[in-house]
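Student: After the structure tokens below, expect a handful of questions from me.
The values are calculated or read from the model by the stated rules, or taken from the named source; none is laboratory data. Nothing here was measured: the structure is a model prediction, and the numbers come from that model. Quick reminder, even Gly has a Cβ in these numbers, built from the backbone with ideal geometry, and neighbours come from all protein chains shown.
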Amino acid sequence: MNARVKRNDPCPCGSRLRFKECHGKLDAGGAPPVEAIVQRALQLHQQGHVDEAVARYRQVLEADPGNAIAMHYMGMAAWHRGDNIEGERLMRESIARNANIPDFHSNLGLLLRDTKRLDEAIACFHRALEVDPTWFEAHNNLGLALEAANRFEGACEAYRSAIAQQPKFAAARQNLGRALLTMGRFAEGWEQYRWRLLAQGVLFAAPASQSPPASLAGRYLALRGEQGLGDILFFLRFAPELVARGAKLSFHGDPRLHPLLERTGHFAMGFANELDPATNFETVFVGDLPWLLGMNDPARFPPPLRVPPLPDRMERWRDRLREFGPPPYVGAAWRAGTVAPGPVRVQSKEIPAALLGQQLRQRNGRWVSVQRLPREGEHEALAQASGAPLLDASSANADLEEILALMAALDDYVGVSNANVHLRAGLGLPMQVLVPFPPEWRWGLAGNSPWFPSAEVTRQQPNGRW
């Protein structure tokens, strides 16, 4: 919820009226007591004071047991606290009392999508749109649910409907871009993907409607990092092509990357932190590089950026691995990415440690944990399921030089996609990447990925099985 509601914002009760025309019109002199309490509860809820809001919702329901708004948002609070059953019960009861508020249907759809009941979620979003066909957020939510149900064409149609209602709805444009890229429709996908910066609040203006420049000769470009380390490494594969076309490059981003990137020889104009000014340079966010270069043909995709490890560190890891036992040495990681609510799907990548251990049991090797911040008991679960001892090398993730050297020293890797996969890909070394469903766009919908020629892809199916 937003921190504060302005008078011309939509009322948080879901009525689709402006706040000043709905709960905001209540004044201290003549507001009905129950409505005044509802207003205050919604404001507290938006400001993050959930306990206080819930206390007021209960107060409203004691005075007016059929108050659908208080009932619904008590359900929302229960859901966000992890009580899906009570949240769903209250949200369904609020709809039974007032089915004409589109937010009610959409919020229930979000809960159902979160609990993997996709057909029910999709039906809820359709119901919200029956109540208000112009509601662009509901079209976007429908698209996310259709993606999760492996219906990408329908998802694209839903995102386009959201954009038709609100052309500057950046979240829907970013979602459309991701879906198109996942399906291999790169030209339109890159164009829509440019809206991610507005959707994520990195920039506050829509991307300029223009074509990529015909020539980069003599251009001084400050490549600005964005998203995570893995994303930066992925997009910096385009740096050699920029140099080949005559551009001079500097990198503005995470200082942990500076010594590694310096060894590539592509950044003649040096390095700076992400927010340092790029005087006399054109700033280009790294995620816009494929659009800038017109990279729409998989046959022309550049290989992953090669970052050579430091030889002395790699030798130390080889010595430590030999102490562990005879080869082959296989790195393993089972979790990456983040989970967050909102109008844009955030990629969470995870396979339970024990399930990964069962997969490793079929292979010959000695297992090495390269999992960043493993949780308590995960190493034991993996070792027990694999039937073999596990070397804990997770602390190497604290130093990029260390993890790069370790990834170079390992004979193989099995696990989800993370920054370490991008480092290993740049070395051209084999790996088996586990791709959860729905897939991150760079892994596509089937087969191996044209972006990672050394990787064998194992995919989770829409039903959850691997």
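Student: Regarding Pro352, is this residue surrounded by fewer than 22 Cβ atoms within 10 Å (Cβ to Cβ) and touching a Gly at 6+ places or on another chain (Cβ under 9 Å)?
Tutor: When the stated conditions are applied, Pro352 does not pass them.
Student: Given (1) in contact (Cβ under 8 Å) with a residue 12 or more places away in the chain; (2) of a type outside the set (Phe, Trp, Tyr); (3) surrounded by fewer than 21 Cβ atoms within 10 Å (Cβ to Cβ), identify the lone condition not met by Pro102.
Tutor: (3)
Student: OK, next. When you go through Ala138, Ala155, Ala70 one by one, which is the residue that is in contact (Cβ under 8 Å) with a residue 12 or more places away in the chain, surrounded by 16 or more Cβ atoms within 10 Å (Cβ to Cβ), more than 22 Å from Trp441 (Cβ to Cβ) and out of contact with any His (no Cβ under 9 Å at 6 or more places or on another chain)? Step through it out loud before you land on a result.
Tutor: Numbers: Ala138 fails: out of contact with any His (no Cβ under 9 Å at 6 or more places or on another chain); Ala155 fails: more than 22 Å from Trp441 (Cβ to Cβ).
Residue meeting the stated conditions: Ala70.
Student: Go through the residues of segment 92-99 one by one and say whether even a single one is under 28 Å from Gly464 (Cβ atoms) and either in the same structural domain as Ala138 (by TED's automatic domain parsing) or touching a Pro at 6+ places or on another chain (Cβ under 7 Å) (or both).
Tutor: Within segment 92-99 (the criterion being under 28 Å from Gly464 (Cβ atoms) and either in the same structural domain as Ala138 (by TED's automatic domain parsing) or touching a Pro at 6+ places or on another chain (Cβ under 7 Å) (or both)), the answer is yes, since at least one residue qualifies.
Student: Please go through segment 190-217 and pick out each residue that is closer than 24 Å to Lys248 by Cβ and assigned to a helix (DSSP H, G or I).
Tutor: Correct list: Trp190, Leu197.
Student: Would you mention how many residues in segment 222-238 are in contact with a His (Cβ under 6 Å, 6 or more places away or on another chain) and either part of a loop (DSSP other than H, G, I, E, B) or among the aromatic types (Phe, Trp, Tyr) (or both)? Talk me through it step by step, then tell me what you get.
Tutor: Pass one, segment 222-238, residues in contact with a His (Cβ under 6 Å, 6 or more places away or on another chain): 222, 224, 230, 233-234.
After this cut, where a residue has to be either part of a loop (DSSP other than H, G, I, E, B) or among the aromatic types (Phe, Trp, Tyr) (or both) as well, the list is 234.
Within segment 222-238, residues that are in contact with a His (Cβ under 6 Å, 6 or more places away or on another chain) and either part of a loop (DSSP other than H, G, I, E, B) or among the aromatic types (Phe, Trp, Tyr) (or both) number 1.
Student: Let me ask you something else. Return only the number of the condition from (1) in a helix (DSSP H, G or I); (2) surrounded by 21 or more Cβ atoms within 10 Å (Cβ to Cβ) that Leu249 does not satisfy.
Tutor: Only one criterion in (1) in a helix (DSSP H, G or I); (2) surrounded by 21 or more Cβ atoms within 10 Å (Cβ to Cβ) is unmet by Leu249, namely (1).
Student: Tell me which residues, restricted to segment 80-130, are under 25 Å from the mean Cα position of the chain (by Cα), basic (Lys, Arg) and not in a loop (DSSP other than H, G, I, E, B).
Tutor: The answer is Arg113, and nothing else.
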